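The values are calculated or read from the model by the stated rules, or taken from the named source; none is laboratory data. Predicted model only: the values in this text are computed from it and were never measured. Methodologically, a virtual Cβ is constructed for each residue, glycine included, from the backbone with ideal geometry; neighbour enumeration extends over all protein chains shown. When the accessible area is computed, the model is the full protein with side chains, heavy atoms only, and any ligands, DNA or RNA have been set aside. Shrake-Rupley method; radii C 1.70, N 1.55, O 1.52, S 1.80 Å.
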Amino acid sequence: MNHLAKKLNDNIKRENIYIDEMLSDLGKRSYYPKGILSQSAEANKKAHRFNATIGIATEGSNPMHFDHIQEQFANYDPNDIYPYAPPSGKQTLREVWRSKLLKDNPSLQNKTFSLPLITNALTHGLSIVADLFVNADDSIILPDKYWGNYNFIFETRREANILTYPLFDEFERFNVPAFKECLLSQKDKGKAIVLLNFPNNPTGYTPYQKEVEGIISALYEAAQNGINTVVILDDAYFGLFYENSLKESLFGQLANLHERILPIKVDGATKENYVWGLRVGFITYSSESLTILDALEQKTKGIIRGTISSGSHLSQTVILNSLKSNEYLQEKQQKYEVMCARATKVKEVLNKEKYQKHWRYYPFNSGYFMCLKLHNVNAETLRLHLLENYGVGTIAINETDLRIAFSCVEEENIEELFDIIGEGIKDLVKVSEISK
């Protein structure tokens, strides 16, 4: 093992042995090398005559670039576009995002947490966390309704076991008892990795205060029972809360809660700020120990350096300028109101009597999506039928559940969409009756 990795591990172990035990084998081997990048960083501060370090080309005081490309970015300084961004991301953007976290999450006040590290959006962030904390046969605890890419990130890449519990109880609220039972079942292993995704993809559900209290209580009880718990908060759709549910990330309430609980927030501008293709995400850790936060940052930077090297400088500059602009809050509120109106319209339409024989819908109060639970037809069969015969695209989650992204349907078209889905179901039921 590299001596730098060993030093980071020793620092973590000295501060909190439980977090050392949470690291995967790869996580323990990870470190940020003192190579070209660290030497270049030193040169950027002190090489006032010539800086012949990092592998870019320059002309005068600017990075070398094509004029026909720079013409497309006339309002941007070439130094904010063409050079490599640091593996941890553009420093000012990290600081601005941290300030945003404090503003958006009152529970984070007076808590100790890291400066966010910038990733190539959320999938990359989740993959980094998987690399650092997931060994083969570790358990990933998820609700039974989850984003399908978790399978590849945790199960295929890291060979973890995915354990699920029913997302909803009989009252159509977050199933705290089932979650707690699944979590406490890991007592013999002594380690669990919990992934909480609110607003939930695919259902669009965010828990209410009483459910949140139950989730936190279950995690605390697991820690008291000797279970080292990595809690990953996938906050991809953060801020899109349309009803009186939780309005902030659970990260704030879990920060510094227990020495056996390591909260990790994975979020980004991609969906919050409608910039999916810019691929800017963040990882933020919480620990009472600054030494541990530093060690986790070094290990995260090592994983980034060894995979993508660093994220897009241009994308980070665009996001930073947006967050600092006078228009940001006003435009974000405008888009929120559009999304909220669509969610409200979906509920208004779905509550009509004409649909009751075809489906019921799972609770939703946030995010981009909602899910139908079909009564009489197979979801994949219906998906294909709608696509082939009506030109309507939906997502089949399993045999009964059909996901609808109301985020990409204009409010005035929502009822027409569900009418078409209803017609598709009638077609399939009729064919089924004829075949009998």
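Looking only at residues of region 110-141 that are assigned to a loop (DSSP other than H, G, I, E, B) and free of Cβ contacts under 8 Å to residues at least 60 places away in the same chain, we find that the one that is nearest to Thr307 (Cα to Cα) is Ala136.
Scanning region 165-177 for residues that are surrounded by 15 or more Cβ atoms within 10 Å (Cβ to Cβ) and outside any helix (DSSP H, G or I) yields Tyr165, Pro166, Leu167, Phe168, Arg173, Phe174, Asn175.
A single member of Ser289, Ser322, Ser315, Ser309 is surrounded by fewer than 20 Cβ atoms within 10 Å (Cβ to Cβ), closer than 17 Å to Ile118 by Cβ and in contact with a helix residue (DSSP H, G or I) (Cβ under 7 Å, 6 or more places away or on another chain), and it is Ser322. Applying the condition of being part of a helix (DSSP H, G or I) and over 19 Å from Ser289 (Cα atoms) to region 20-35 and asking which residue is least open to solvent (accessible area, probe 1.4 Å) yields Leu26. Restricted to region 1-19, and to residues that are of a type in the set (A, V, I, L, M) and touching a Phe, Trp or Tyr at 6+ places or on another chain (Cβ under 6 Å), which residue is surrounded by the fewest Cβ atoms within 10 Å (Cβ to Cβ)? The selected residue is Leu4. Taking the criterion of being closer than 14 Å to Pro263 by Cα and within 16 Å of the chain's Cα centre (by Cα), the only residue of region 106-124 that qualifies is Pro116. The single condition from (1) surrounded by fewer than 21 Cβ atoms within 10 Å (Cβ to Cβ); (2) at positive phi that Thr156 fails is (2).
Filtering region 360-409 to residues that are over 24 Å from Glu337 (Cα atoms) and among the hydrophobic types (A, V, I, L, M, F, W, C) leaves Leu374, Val377, Ala379, Leu382, Leu384, Leu386, Leu387, Val392, Ile395, Ala396, Ile397, Leu402.
Consider region 292-306. How many of its residues are open to solvent by 50 Å² or more (accessible area, probe 1.4 Å) and assigned to a helix (DSSP H, G or I)? Explain how you work it out, then say what you get.
As a first pass, look at region 292-306 and keep what is open to solvent by 50 Å² or more (accessible area, probe 1.4 Å): 294, 305-306.
Still in the list and also assigned to a helix (DSSP H, G or I): 294, 305.
So the count comes out to 2.
Somewhere in region 357-366, is a residue within 19 Å of Lys100 (Cβ to Cβ) and surrounded by 14 or more Cβ atoms within 10 Å (Cβ to Cβ)? Break it down into steps so the answer makes sense when it comes.
So in region 357-366, the residues within 19 Å of Lys100 (Cβ to Cβ) come out as 366.
Next, only the ones that are surrounded by 14 or more Cβ atoms within 10 Å (Cβ to Cβ) stay: 366.
Yes, region 357-366 contains at least one residue that is within 19 Å of Lys100 (Cβ to Cβ) and surrounded by 14 or more Cβ atoms within 10 Å (Cβ to Cβ).
Residue-by-condition table, conditions (1) of a type in the set (A, V, I, L, M); (2) touching a Ser or Thr at 6+ places or on another chain (Cβ under 7 Å):
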{"position": "Gly277", "(1), (2)": "no, no"}
{"position": "Thr291", "(1), (2)": "no, no"}
{"position": "Thr307", "(1), (2)": "no, no"}
{"position": "Leu314", "(1), (2)": "yes, no"}
{"position": "Leu320", "(1), (2)": "yes, yes"}
{"position": "Ala341", "(1), (2)": "yes, no"}
{"position": "Thr344", "(1), (2)": "no, no"}
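The set of residues in region 339-356 being open to solvent by less than 90 Å² (accessible area, probe 1.4 Å) and touching a residue at least 40 places away in the same chain (Cβ under 8 Å) consists of Met339, Cys340, Ala341, Arg342, Ala343, Thr344, Lys345, Val346, Val349, Leu350, Tyr355.
Go through region 59-108 and count every residue that is within 30 Å of Gln209 (Cβ to Cβ), among the polar types (S, T, N, Q) and open to solvent by 60 Å² or more (accessible area, probe 1.4 Å). Show your work before the answer.
Narrowing region 59-108 to residues within 30 Å of Gln209 (Cβ to Cβ): 96-108.
Applying the additional criterion that residues be among the polar types (S, T, N, Q) yields 99, 105, 107.
Among the residues that remain, those that are also open to solvent by 60 Å² or more (accessible area, probe 1.4 Å) are: 99.
Qualifying residue count, region 59-108: 1.
Working only within region 403-422, note down all residues that are open to solvent by less than 50 Å² (accessible area, probe 1.4 Å), free of Cβ contacts under 8 Å to residues at least 40 places away in the same chain and under 15 Å from Tyr355 (Cα atoms). Quick ask: steps written out before the conclusion?
First, pick out the residues of region 403-422 that are open to solvent by less than 50 Å² (accessible area, probe 1.4 Å): 403-407, 409, 414-415, 417-418, 420-422.
If we keep only those that are free of Cβ contacts under 8 Å to residues at least 40 places away in the same chain as well, we get 405, 417, 420.
Leu417, Ile420, listed by residue number.
Of the helices (runs of 4 or more DSSP H) entirely within region 197-279, those holding at least 1 residues that are under 21 Å from Ser407 (Cβ atoms) and open to solvent by 10 Å² or more (accessible area, probe 1.4 Å) occupy 269-272. Looking at region 142-149, is at least one residue free of Cβ contacts under 8 Å to residues at least 24 places away in the same chain and over 15 Å from Ser127 (Cα atoms)? So far as region 142-149 goes, yes, one or more of its residues are free of Cβ contacts under 8 Å to residues at least 24 places away in the same chain and over 15 Å from Ser127 (Cα atoms).
Quick check on my filter: what residues within region 379-399 are part of a loop (DSSP other than H, G, I, E, B) and surrounded by 16 or more Cβ atoms within 10 Å (Cβ to Cβ)?
Kept after step one, since they are part of a loop (DSSP other than H, G, I, E, B), are these residues of region 379-399: 391-394, 397-399.
Answer for region 379-399, where residues must be part of a loop (DSSP other than H, G, I, E, B) and surrounded by 16 or more Cβ atoms within 10 Å (Cβ to Cβ): Val392, Thr394, Ile397.
Residues that are touching a Pro at 6+ places or on another chain (Cβ under 7 Å) and assigned to a helix (DSSP H, G or I): does region 178-185 have at least one? Write out each step before concluding.
Initial filter on region 178-185 (touching a Pro at 6+ places or on another chain (Cβ under 7 Å)): 178.
Okay, now just the ones that are also assigned to a helix (DSSP H, G or I), so 178.
Taking every residue of region 178-185 in turn, at least one turns out to be touching a Pro at 6+ places or on another chain (Cβ under 7 Å) and assigned to a helix (DSSP H, G or I).
In region 53-69, the residues that are assigned to a loop (DSSP other than H, G, I, E, B) reach residues that are open to solvent by less than 60 Å² (accessible area, probe 1.4 Å) with C-beta atoms within less than 7 angstrom, at least six apart or across chains, in these pairs: Thr53/Ser40; Thr53/Ala43; Ile54/Ser40; Ile56/Pro63; Ile56/Pro83; Met64/Ala57; His65/Pro78.
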